[in-house]
Every structure is written in C-alpha cells, then in structure tokens.
1. Just to be sure I understand the model, the point goes 7 Å from the Cα along the line to the Cβ. What's the resulting Glu158 to Ser61 distance in nm?
2. Along the stretch 6-16, what does the Karplus equation 6.51 cos²θ - 1.76 cosθ + 1.60 (θ = phi - 60°) give for ³J(HN,Hα), rounded to whole Hz, x for Gly and Pro?
3. If you place +1 on the Cβ of every Lys and Arg and -1 on the Cβ of every Asp and Glu, how big does the dipole about the Cα centre of the stretch 6-85 come out, in debye to the nearest 20?
4. Normalising by the residue count of the chain, find the relative contact order in percent from Cα pairs under 8 Å and 6+ residues apart.
5. So, with +1 on the Cβ of K and R and -1 on the Cβ of D and E, and no other charges, what is the size of the charge dipole of the chain about its Cα centre, to the nearest 20 debye?
6. Quick one: of the DSSP bridges fully inside the stretch 8-140, what percent are antiparallel, nearest 5?
7. Tell me, in nm to one decimal, what length is gained between Leu174 and Thr122 on full extension, where the rule is 0.36 nm per residue of separation less the Cα-Cα distance?
8. DSSP loop (so not H, G, I, E, B), at most 12 other Cβ within 10 Å: list which GluC sites (Glu not before Pro) in the stretch 1-110 pass both filters.
Amino acid sequence: MNLGRPFAVVTPTLDGDVLQVLAGAKASFTAPQVHRLVEGWSESGVRRTLHRLVEQGIVRSDTVGRTAAYRLNRRHLAADHVIGIAQLRVRLLEAIAVEVDGWDPWPSGVALFGSAATGAMTTKSDIDVFVVRPVGTRGEEMPMSEADDERWEGQVAELSRLIGEWTGNDARVLVFTDREVFSAARSGAPLEPVLADIAEHGIWVVGSSADLRPESTAG
C-alpha cells in the first residue's frame, strides 16, 4: 500500500486522487486548485473526473461568480468510507498506538519515519517504525533479564507482523534504548542520519521529537 495515495487500494484512477484532495479538507476547490494538488494528470482529466463524481452525488458543485467550486458531499452514504480511505495513514498510527499500549514495558517513544512519514513511499516501500526501549537514563537503570529481552523482542516482532497484515508492506522496526537516545542528544555531535531524519520528519505515536533535541536532555 502507498500511504501517500491510499485510494490506489481500490482504484488506480484519477478519481481516487481527486477524492483524496476533497476528503482532506472541508473547503471547496476549483478545478485548477484540485489539478495543482494531484500529480501526473491533466486539468481536463480533473474536470471530467469532478463532473463524474458530481453525477454520483459524492461531490457537490457550487457556483461562485462564474467559477465552479467542488467539495465532498459529507452527507453522502459513501462519504464515511471515502474519508476512511483518505485517512489510512492516521488509522495506521492509531492501530500502532493501540498495539504498543499493551506492551510491557511501555515504550518511551514510537514514531513512523522514512517515506511512510514524508509521503514519498511507493507500494514496494517498507514502513519504518522507530521504537525506544526504556532501560533507564541518568544512572537510573532498569533491571533486565533474559525473559525481559525475549518478551520485548516478541512484542517488536508482533508489531512488525501486524503492520504487514494491516498494509501489505514489509515493516522495518528500528529499536534504540532510551539511554542511546539520551546519549546521542546530549553528545553535542550531529545526530546520525537516521535519528536526524526521525527528529525532523517522524510522526510520533508515543513521545516526541523533543527527546532527540539537546535541550531536552539538559538538567
């Protein structure tokens, strides 16, 4: 699945891209505005698609001056399904949050990163997830047994498996300990590329990018 083009799950046509634009905001859009927000399609194709969706009732057309403006008909019987598809990335984040909420111990941080977070993914892209394992920082170490390690690794493996079922994509779970994150942030050196990418573009389910900033480790 391509989280940047979620309607490709059900249709590879322009209809899906247009519906994604209209479902993403409660505002109205002119045909040229919609055209600027979709990629790889002609403006004439966008106009034909809008007219077809108006005929189906899922899109409403209002006249503003001499210009037609289009918006999703949110009272249409199909509207909830359209909005649900448009929000598949949000639903993935919610599903991840529910899954990790039952972990023992609860992770210090969880974030979606890479192409799945930036919108640059394809159907063949991995879904990258950053997970921070709590082991203790500032000398307050948590005791860890072999059983603790096995339980943690099992939780990570299960999350990876579930993401594959939810999306059809391979999942790549990158695990750091909170001590490693703390040390990287306070070292004064530039973050390694993957952590810098997570700090800048990560979509956080648990924790925040503040954990990767030097000022968050002061004190």
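1. Taking the simple label geometry, Glu158 and Ser61 are separated by 5.2 nm.
2. Those phi angles translate into x, 6, 5, 4, 10, 7, x, 8, 4, 3, x Hz.
3. Details: 10 positive and 7 negative charges, 60 e Å.
About 280 debye.
4. Numbers: 317 pairs, mean separation 43.0, N = 219.
Dividing the mean separation by the residue count of the chain yields 20 percent.
5. Working: 22 positive and 30 negative charges, 354 e Å.
Once rounded to the nearest 20, the dipole reads 1700 debye.
6. Working: 13 of 13 bridges.
In the stretch 8-140, DSSP labels about 100 percent of beta bridges as antiparallel.
7. Values: separation 52, 0.36 × 52 = 18.72 nm, distance 1.99 nm.
Full extension of this stretch gives 16.7 nm more.
8. Glu39
Taken together, the values in this text are just the output of simple stated rules run on the coordinates, not laboratory data. Remember, it's a predicted structure, so these values are computed and weren't measured experimentally. Counting neighbours? That spans all protein chains shown, and the Cβs are built from the backbone with ideal geometry, glycine included.
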